Each structure stands twice: as C-alpha cells, then as structure tokens.
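The values are calculated or read from the model by the stated rules, or taken from the named source; none is laboratory data. Keep in mind that what you see is a predicted model, and the values were worked out from it rather than measured. Here Cβ is always computed from backbone atoms with ideal geometry, including for glycine, and neighbour counts include all displayed protein chains.
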Amino acid sequence: MRVGPTGERTTPRTRRRTVAIAALLLTAATAAACGAPGEERGRGAAPGAARSSTGNDGAERTRSFTLAASGDVLPHDSVIARAADDSTDASSGDHDFRPMLAAVRPVVSTADLAICHMETVYGADGDYRGYPAFTSPPEVARGLAATGYDACSTASNHSLDDGADGIRRTLDAMDTAGLAHHGSARTAQEAATPGWLKAGGAKVAHLAYTYGTNGNESPEGQPWAVQLIDEAKIVADARAARRAGADVVVLSLHWGTEWQTEPDEQQIALARSLTASTTEGRPDVDLILGTHAHVPQAYEKVNGTWVIYGMGDQIAGPMFDYTGARDHRGNQGSIGRFTFAPPARPGERWAVTKAEYVPQWYDTSAGRVVNLPAALAEDPEREDHRSIQDAISEAVLSRGADRDGLVIAR
C-alpha cells in the first residue's frame with residue numbers, strides 16, 4: 001500500500017499480479033526445503049528444551065494446539081512518534097511498541113503459536129520514516145516478541161523499500177528478538193527454507209508470499225530476496241515442507257485489492273485452487289492467512305480449509321482511501337484463532353476443531369490497539385466500540401463463516 005508523508009494517504013496502483021518464477025529456482029527451492037528444517041520456534045516445548053521432530057509417534061504428537069494470527073503492522077510516522085513517546089528513555093532515540101500492543105497480549109501470548117505480518121522493513125541510526133519508502137524502528141521486533149508472537153510473515157509490497165539492506169536489518173532484528181520469519185531472505189538457502197515452528201505436538205511450516213514489490217526489482221543476483229506469489233511454486237514449497245516433516249502447513253499471502261471488503265477474483269480463485277491441492281488424498285495447505293487490503297475481509301472455509309482473505313491492519317496511522325477521504329476501516333482488523341487437533345490415523349491431516357476471531361481496532365488518537373470484545377466487556381456502553389466491532393464482524397462473516405462454526409472471542 002502507499003501512504004502520504006503526513007496525512008498517510010494512499011494513491012492508486014496496480015494491485016494484482018502473479019509473478020512467474022523460473023523453473024530452475026523452483027527446483028532449487030524445492031530441493032533445499034527438503035533439507036534440514038533448522039530451528040523450530042514456538043511454545044510447544046519447555047523453554048530451553050531441544051526442538052524435536054519425532055515423526056508421527058509418541059505422546060507429544062497427540063497434543064492439540066491453538067494458532068493466532070493478525071494483520072498488517074504498518075508503522076507510519078505517527079506510529080513511530082508514538083513509540084518514541086512511549087519509550088522510558090526517549091532522549092536515547094529508543095522506541096517502545098509494547099504499550100500499543102498491550103491489549104492484545106492476552107490473546108497472542110496464550111496461543112501455542114502466534115504469527116504476525118510485518119509489512120515494512122527496518123531502518124538504522126534513527127532513519128525511520130513512512131511514505132514513500134518505509135523504514136521502521138527495529139524495536140518493532142522486540143515489541144512483537146514481547147506481545148507473544150513467535151513468527152512474522154515478511155513478504156509484502158514494501159519488502160524492497162530499502163533494498164537488500166532493509167531485508168537484512170529486518171531479519172537480523174527478528175533473529176535477535178527470537179521471531180521466526182518467512183517471505184524475505186538474506187540468502188538463497190534461507191529463501192527456500194520455511195519458518196519452522198513448534199506448536200503443541202505439531203511441527204508447523206510457515207510460508208509467505210506477496211503479489212509484488214511496488215515495482216522495485218530484486219537486488220542484483222538475489223532473485224530469491226522476496227517470495228512472489230506463483231501458484232506452482234507455492235504448491236511445490238508446501239509439498240516439500242510436508243516431505244521435510246511438516247504436520248501443518250500455514251500460508252501467509254499478501255494479496256487482494258486495497259479498500260475492497262469483498263475478496264477479489266484472484267483471491268477467490270487462488271484460495272480455491274490452493275485448498276484443492278492434495279498429495280495422496282491429504283491437503284497440501286492447512287490454513288491461509290491474508291493481508292494487504294487494509295480493511296477487514298471475510299473468513300471462509302474453502303474445500304474444508306480455513307481461509308482468511310484479509311485480517312486488516314493491526315497497527316497503522318490514519319488511513320485515507322484513493323479519493324483522499326479518511327477511511328476508518330484502515331484501522332480495523334481481526335485476530336484469527338484456530339485450534340488444531342492431531343489426526344486420528346497416521347497420514348491424515350491435523351483438523352481445525354475450533355475457529356474464532358477477535359475484532360481489534362487501532363485507536364490513532366491514543367496510539368493503542370484495542371481488543372474490542374474485551375473492552376466492551378469492561379464498558380458495554382461504549383457505542384463507538386460496539387459499532388466498530390459490528391462493522392468488523394459484518395465483513396468477517398460476509399461469506400458465511402458463521403455457518404461453518406466461526407465464533408467471536410476475546
């Protein structure tokens with residue numbers, strides 16, 4: 001998305017394109033993904049315990065888990081300023097993003113696995129800015145980890161706003177904070193390796209892709225720097241992850257049309273195709289998490305697999321649509337929460353036994369994310385909170401997800 005330097009406005013761009021990846025890269029990525037999975041992160045094991053990939057046997061493998069996921073983290077100038085004000089040592093140039101996320105920490109930190117979407121890259125030495133090329137304070141990663149996130153998707157149309165240096169700084173900061181990541185990469189091997197996560201008794205592979213990078217070309221010699229949406233590649237990567245031991249494969253897709261509540265034709269077609277893809281009767285993808293539209297979009301069960309077309313924004317400054325009008329939907333979003341249960345028989349999929357959503361809102365005047373159901377439980381008379389929650393719920397349920405069991409939670 002595009003935002004203005006002060007009013008944080010959007011301007012029209014071409015929003016949808018599927019990028020073909022060369023067959024050689026597809027082969028290399030698939031082969032590399034079948035190799036050593038690397039460190040698994042998450043809250044499925046005791047702190048400091050070795051991460052295990054034990055196959056399908058053992059009592060550990062029978063444990064269910066909950067997965068929580070949220071939308072775009074997009075620090076505009078006003079958000080950066082708020083984080084500086086929230087720092088206990090503002091004179092040092094430090095930023096603290098923990099206070100603005102505090103209200104959703106109970107939701108995020110109690111999930112066995114929590115995934116965010118980091119839309120921007122990180123800057124250095126105080127060079128932090130919004131439009132037209134975002135560079136965010138690296139303390140964002142620390143704030144996300146403190147909130148309880150285990151991993152972030154990093155593939156977006158802003159992934160190349162500061163070239164290879166921006167990607168390196170972002171992923172270095174996430175490594176330091178203990179956040180797994182996928183979608184952008186510092187090396188070809190990293191690009192071909194899923195974000196490996198541990199949740200309950202499951203080994204989870206997280207894969208992330210974007211429709212494009214605002215016309216910014218990949219750094220010279222690094223065509224793998226950002227994962228681009230290509231259906232054949234996504235399926236190949238998911239199958240490679242499964243062969244490497246993934247019990248659950250989660251996709252993060254930066255897709256769709258900005259300011260459009262209804263998922264567009266590409267989202268619907270790709271969701272149908274990806275959820276229909278199977279290997280030996282088992283779906284290749286177990287959950288799809290959508291970002292980019294900047295407004296809440298529908299949840300839907302497609303071919304038996306849950307798809308969130310768009311979670312909306314978790315953090316963003318005041319948003320303006322293509323007409324120049326303030327659009328308050330740009331500060332609305334949801335957290336999806338899914339409970340996965342292990343298969344009854346080896347070789348079957350981990351099934352979602354409970355699907356929930358938590359409406360949330362970024363209060364730009366206070367610089368705080370609001371957990372709307374929790375806030376309304378404390379103060380049922382807040383009509384502004386109720387109207388925002390109702391608007392989010394209308395979008396989330398617009399394709400009949402309630403009929404498939406999706407319920408509101410807090």
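Of note:
- Tally, over segment 306-320, of residues that are more than 15 Å from residue 74 (Cα to Cα) and surrounded by 23 or more Cβ atoms within 10 Å (Cβ to Cβ): 3
- When residues of segment 189-219 are limited to those that are free of Cβ contacts under 8 Å to residues at least 60 places away in the same chain and surrounded by fewer than 22 Cβ atoms within 10 Å (Cβ to Cβ), the one nearest to residue 238 (Cα to Cα): 190
- Residues of segment 287-309 that are in contact (Cβ under 8 Å) with a residue 40 or more places away in the chain, of a type in the set (A, V, I, L, M) and in a strand (DSSP E or B): 287, 289, 308.
- Within segment 136-149, residues that are closer than 15 Å to residue 86 by Cβ reach partners that are modelled with pLDDT under 95 and surrounded by fewer than 24 Cβ atoms within 10 Å (Cβ to Cβ) with beta carbons closer than 7 Å, at six or more positions or on different chains, in the pairs 139/94.
- Scanning segment 167-188 for residues that are under 14 Å from residue 134 (Cα atoms) and either among the acidic types (Asp, Glu) or crowded, with 24+ Cβ neighbours inside 10 Å (or both) yields 167, 170.
- Residue, nearest to residue 80 (Cα to Cα), within segment 344-358, restricted to residues that are free of Cβ contacts under 8 Å to residues at least 60 places away in the same chain and of a type outside the set (Lys, Arg): 357
- Breaking point among (1) of a type outside the set (Val, Ile, Thr); (2) surrounded by fewer than 23 Cβ atoms within 10 Å (Cβ to Cβ); (3) touching an Asp or Glu at 6+ places or on another chain (Cβ under 7 Å), for residue 256: (2)
- Residue 158 vs. criteria in contact with a Leu (Cβ under 7 Å, 6 or more places away or on another chain), surrounded by 24 or more Cβ atoms within 10 Å (Cβ to Cβ) and within 22 Å of residue 220 (Cα to Cα): no
- Whichever residue in segment 74-131 is under 17 Å from residue 162 (Cα atoms), charged (D, E, K, R) and not in a helix (DSSP H, G or I) and, among such residues, is modelled with the highest pLDDT: 119
Matching residues to (1) over 22 Å from residue 227 (Cα atoms); (2) of a type outside the set (A, V, I, L, M):
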residue: 69; (1), (2): no, no
residue: 83; (1), (2): yes, no
residue: 98; (1), (2): yes, yes
residue: 102; (1), (2): yes, no
residue: 111; (1), (2): yes, no
residue: 130; (1), (2): yes, yes
residue: 135; (1), (2): no, yes
residue: 148; (1), (2): yes, yes
residue: 152; (1), (2): no, yes
